[in-house]
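Worksheet: one structure, shown below.
The values are calculated or read from the model by the stated rules, or taken from the named source; none is laboratory data. Here the structure is a predicted model, which means the values were calculated and not measured. Using ideal geometry, Cβ is built from the backbone for each residue, glycine included, and neighbour counts are taken over all protein chains shown. Calculation scope for accessible area: heavy atoms of the full protein, side chains included, ligands and nucleic acids excluded. Shrake-Rupley method; radii C 1.70, N 1.55, O 1.52, S 1.80 Å.
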Amino acid sequence: MKKVLKWILIVLAVAIVLVLTFMGYMGLLGEPKVSEMKMGPYLFVYEPYVGPYMNTGKVFDRVYKAIGSDGIETKRELGIYFDDPSNVPAEKLRSQCGVVIEENDFAKFASVSKKYRSKIIETADCVVAEFPIRNSLSYAFGPMKAYPALAKYAQAKGYRSAVPYELYDMPAGRIYFVMPVIK
(Lines give C-alpha, C1' and ligand atoms only; values in the text may rest on other atoms or scores of the structure.)
Protein backbone atom coordinates (compact mmCIF):
# COMPACT_ATOMS: atom_id res chain seq x y z
CA MET A 1 0.00 0.00 0.00
CA LYS A 2 2.87 2.39 0.79
CA LYS A 3 4.40 1.81 -2.67
CA VAL A 4 1.08 2.63 -4.36
CA LEU A 5 0.69 5.80 -2.30
CA LYS A 6 4.28 6.77 -3.11
CA TRP A 7 3.64 6.36 -6.87
CA ILE A 8 0.39 8.31 -6.66
CA LEU A 9 2.23 11.17 -4.93
CA ILE A 10 5.02 11.09 -7.54
CA VAL A 11 2.53 11.17 -10.42
CA LEU A 12 0.60 13.98 -8.72
CA ALA A 13 3.80 16.00 -8.16
CA VAL A 14 4.85 15.55 -11.79
CA ALA A 15 1.37 16.59 -12.98
CA ILE A 16 1.49 19.74 -10.84
CA VAL A 17 4.94 20.65 -12.17
CA LEU A 18 3.75 20.11 -15.76
CA VAL A 19 0.63 22.25 -15.24
CA LEU A 20 2.65 25.06 -13.64
CA THR A 21 5.25 24.90 -16.42
CA PHE A 22 2.51 25.09 -19.07
CA MET A 23 0.85 28.02 -17.29
CA GLY A 24 4.16 29.87 -17.10
CA TYR A 25 4.88 29.20 -20.78
CA MET A 26 1.43 30.51 -21.73
CA GLY A 27 1.94 33.73 -19.74
CA LEU A 28 -0.68 32.91 -17.13
CA LEU A 29 1.52 33.35 -14.08
CA GLY A 30 1.92 36.94 -12.96
CA GLU A 31 0.54 40.15 -14.39
CA PRO A 32 1.09 41.26 -17.99
CA LYS A 33 3.50 44.14 -18.54
CA VAL A 34 1.49 47.38 -18.86
CA SER A 35 3.05 50.55 -20.24
CA GLU A 36 2.12 53.85 -21.82
CA MET A 37 3.08 54.52 -25.43
CA LYS A 38 1.94 56.05 -28.65
CA MET A 39 0.39 53.50 -31.00
CA GLY A 40 -0.49 53.94 -34.68
CA PRO A 41 -1.10 55.05 -37.26
CA TYR A 42 -2.38 51.90 -38.93
CA LEU A 43 -4.04 51.35 -42.29
CA PHE A 44 -6.65 48.83 -41.17
CA VAL A 45 -8.51 46.63 -43.67
CA TYR A 46 -11.40 44.84 -42.02
CA GLU A 47 -14.77 43.17 -42.04
CA PRO A 48 -17.40 44.00 -39.42
CA TYR A 49 -18.66 41.08 -37.37
CA VAL A 50 -21.51 40.63 -34.92
CA GLY A 51 -21.43 37.57 -32.70
CA PRO A 52 -19.29 35.80 -30.12
CA TYR A 53 -15.72 37.09 -30.05
CA MET A 54 -14.47 33.51 -29.93
CA ASN A 55 -15.75 33.08 -33.52
CA THR A 56 -13.80 36.00 -35.02
CA GLY A 57 -10.94 33.79 -36.23
CA LYS A 58 -12.81 32.95 -39.43
CA VAL A 59 -13.26 36.67 -40.16
CA PHE A 60 -9.55 37.35 -39.70
CA ASP A 61 -8.77 34.40 -41.99
CA ARG A 62 -11.16 35.67 -44.68
CA VAL A 63 -9.60 39.16 -44.75
CA TYR A 64 -6.05 37.76 -44.62
CA LYS A 65 -6.71 35.41 -47.56
CA ALA A 66 -8.47 38.09 -49.62
CA ILE A 67 -5.64 40.59 -49.18
CA GLY A 68 -3.10 37.85 -49.93
CA SER A 69 -4.88 36.97 -53.15
CA ASP A 70 -4.34 40.58 -54.22
CA GLY A 71 -0.60 40.17 -53.70
CA ILE A 72 -0.35 42.00 -50.38
CA GLU A 73 1.53 40.21 -47.62
CA THR A 74 0.48 41.14 -44.10
CA LYS A 75 2.29 40.37 -40.87
CA ARG A 76 -0.05 41.96 -38.36
CA GLU A 77 -3.74 41.56 -37.68
CA LEU A 78 -5.94 43.90 -35.69
CA GLY A 79 -9.28 43.48 -33.97
CA ILE A 80 -11.48 46.22 -32.55
CA TYR A 81 -13.91 44.98 -29.92
CA PHE A 82 -16.69 47.46 -29.23
CA ASP A 83 -18.60 45.69 -26.49
CA ASP A 84 -17.79 44.27 -23.07
CA PRO A 85 -18.75 40.58 -23.18
CA SER A 86 -19.69 40.71 -19.50
CA ASN A 87 -22.41 43.29 -20.32
CA VAL A 88 -23.56 42.35 -23.83
CA PRO A 89 -25.03 39.02 -24.97
CA ALA A 90 -22.56 37.03 -27.11
CA GLU A 91 -24.78 37.13 -30.20
CA LYS A 92 -24.78 40.97 -30.09
CA LEU A 93 -21.05 41.59 -29.61
CA ARG A 94 -19.73 43.97 -32.29
CA SER A 95 -16.21 43.88 -33.69
CA GLN A 96 -14.09 44.72 -36.70
CA CYS A 97 -11.50 42.12 -37.68
CA GLY A 98 -8.76 42.43 -40.24
CA VAL A 99 -5.18 43.18 -41.12
CA VAL A 100 -2.73 46.05 -40.98
CA ILE A 101 -1.33 47.08 -44.35
CA GLU A 102 2.36 47.89 -44.07
CA GLU A 103 3.62 51.18 -45.47
CA ASN A 104 5.57 49.51 -48.29
CA ASP A 105 2.26 48.06 -49.59
CA PHE A 106 0.21 51.30 -49.50
CA ALA A 107 0.50 51.83 -53.27
CA LYS A 108 -0.40 48.21 -54.00
CA PHE A 109 -3.40 48.46 -51.67
CA ALA A 110 -4.55 51.71 -53.31
CA SER A 111 -5.06 49.84 -56.58
CA VAL A 112 -7.47 47.33 -54.94
CA SER A 113 -8.85 49.44 -52.08
CA LYS A 114 -12.37 49.73 -53.52
CA LYS A 115 -12.88 46.00 -52.83
CA TYR A 116 -12.38 46.45 -49.08
CA ARG A 117 -13.48 48.35 -46.03
CA SER A 118 -10.57 50.25 -44.60
CA LYS A 119 -9.77 53.09 -42.26
CA ILE A 120 -6.83 54.79 -40.61
CA ILE A 121 -6.38 54.24 -36.91
CA GLU A 122 -4.63 57.45 -35.93
CA THR A 123 -1.69 57.73 -33.57
CA ALA A 124 -2.90 58.00 -29.99
CA ASP A 125 -1.65 57.93 -26.42
CA CYS A 126 -2.38 54.44 -25.18
CA VAL A 127 -2.07 52.10 -22.27
CA VAL A 128 -0.75 48.80 -23.64
CA ALA A 129 -0.53 45.31 -22.17
CA GLU A 130 1.64 42.71 -23.90
CA PHE A 131 0.94 39.00 -23.99
CA PRO A 132 2.92 36.25 -25.75
CA ILE A 133 1.50 34.32 -28.71
CA ARG A 134 2.36 30.71 -27.93
CA ASN A 135 -0.49 28.85 -29.64
CA SER A 136 -4.21 29.29 -30.34
CA LEU A 137 -4.96 29.31 -26.60
CA SER A 138 -3.10 32.64 -26.32
CA TYR A 139 -6.05 34.36 -28.01
CA ALA A 140 -8.36 33.13 -25.24
CA PHE A 141 -6.02 33.53 -22.27
CA GLY A 142 -4.65 36.94 -23.29
CA PRO A 143 -7.85 38.95 -22.86
CA MET A 144 -8.50 37.33 -19.47
CA LYS A 145 -5.14 38.62 -18.23
CA ALA A 146 -4.73 41.87 -20.17
CA TYR A 147 -8.05 43.70 -19.85
CA PRO A 148 -8.21 43.63 -16.03
CA ALA A 149 -4.58 44.86 -15.91
CA LEU A 150 -5.35 47.67 -18.37
CA ALA A 151 -8.48 48.74 -16.48
CA LYS A 152 -6.62 48.73 -13.15
CA TYR A 153 -3.77 50.81 -14.59
CA ALA A 154 -6.06 53.34 -16.32
CA GLN A 155 -8.21 53.71 -13.21
CA ALA A 156 -5.16 54.27 -10.98
CA LYS A 157 -3.99 57.03 -13.34
CA GLY A 158 -7.47 58.55 -13.70
CA TYR A 159 -7.55 58.03 -17.47
CA ARG A 160 -10.72 57.79 -19.50
CA SER A 161 -10.50 55.19 -22.22
CA ALA A 162 -11.71 54.86 -25.79
CA VAL A 163 -12.62 51.62 -27.57
CA PRO A 164 -9.76 49.14 -27.13
CA TYR A 165 -8.19 47.09 -29.86
CA GLU A 166 -5.86 44.13 -30.11
CA LEU A 167 -2.83 44.14 -32.37
CA TYR A 168 -1.54 40.67 -33.24
CA ASP A 169 2.11 41.03 -34.22
CA MET A 170 3.07 37.65 -35.66
CA PRO A 171 6.81 38.37 -36.28
CA ALA A 172 7.19 39.61 -32.69
CA GLY A 173 5.09 36.76 -31.31
CA ARG A 174 3.09 39.23 -29.22
CA ILE A 175 -0.46 40.41 -28.75
CA TYR A 176 -0.70 44.08 -27.83
CA PHE A 177 -3.89 44.91 -25.99
CA VAL A 178 -4.29 48.61 -26.69
CA MET A 179 -6.50 51.04 -24.80
CA PRO A 180 -6.39 54.58 -26.23
CA VAL A 181 -6.69 56.99 -23.31
CA ILE A 182 -7.65 60.54 -22.62
CA LYS A 183 -5.37 61.91 -19.93
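Checking each residue of region 163-175 against the condition of being open to solvent by 70 Å² or more (accessible area, probe 1.4 Å), assigned to a loop (DSSP other than H, G, I, E, B), closer than 21 Å to K58 by Cα and at pLDDT below 95 gives at least one match.
Among the residues of region 86-105, those that are more than 19 Å from P143 (Cα to Cα) and open to solvent by 60 Å² or more (accessible area, probe 1.4 Å) comprise E103, N104.
Among V63, V45, V59, which is surrounded by 17 or more Cβ atoms within 10 Å (Cβ to Cβ) and outside any helix (DSSP H, G or I)? Steps first, please.
Numbers: V63 fails: outside any helix (DSSP H, G or I); V59 fails: outside any helix (DSSP H, G or I).
After applying the criteria, what remains is V45.
Residues in region 149-162 that are among the hydroxyl-bearing types (S, T, Y) and at pLDDT below 90: S161 alone. Residue by residue through region 135-162, note down the ones that are among the basic types (K, R) and surrounded by 14 or more Cβ atoms within 10 Å (Cβ to Cβ). Of everything in region 135-162, just one residue is among the basic types (K, R) and surrounded by 14 or more Cβ atoms within 10 Å (Cβ to Cβ), namely K145.
Contact list please: Cβ distance under 9 Å, first residue in region 104-122 and farther than 18 Å from K65 by Cβ and touching a residue at least 24 places away in the same chain (Cβ under 8 Å), second residue surrounded by 15 or more Cβ atoms within 10 Å (Cβ to Cβ) and of a type in the set (V, I, T), pairs at least six apart or on different chains. From region 104-122, the pairs are K119/V45; I121/I80; I121/V100.
Can you tell me which residues in region 106-125 are among the β-branched types (V, I, T) and open to solvent by 30 Å² or more (accessible area, probe 1.4 Å)?
Result: I120, T123.
Sub-7 Å Cβ pairs linking a first residue in region 134-145 that is under 18 Å from I80 (Cβ atoms) to a second residue that is not in a helix (DSSP H, G or I), at least 6 apart or interchain, are G142/F131; G142/I175; G142/F177, ordered by first then second residue. Only strands (runs of 3 or more DSSP E) whose full extent lies in region 86-148 are considered here, and the ones with at least 2 residues that are within 18 Å of the chain's Cα centre (by Cα) and modelled with pLDDT under 95 are 124-132.
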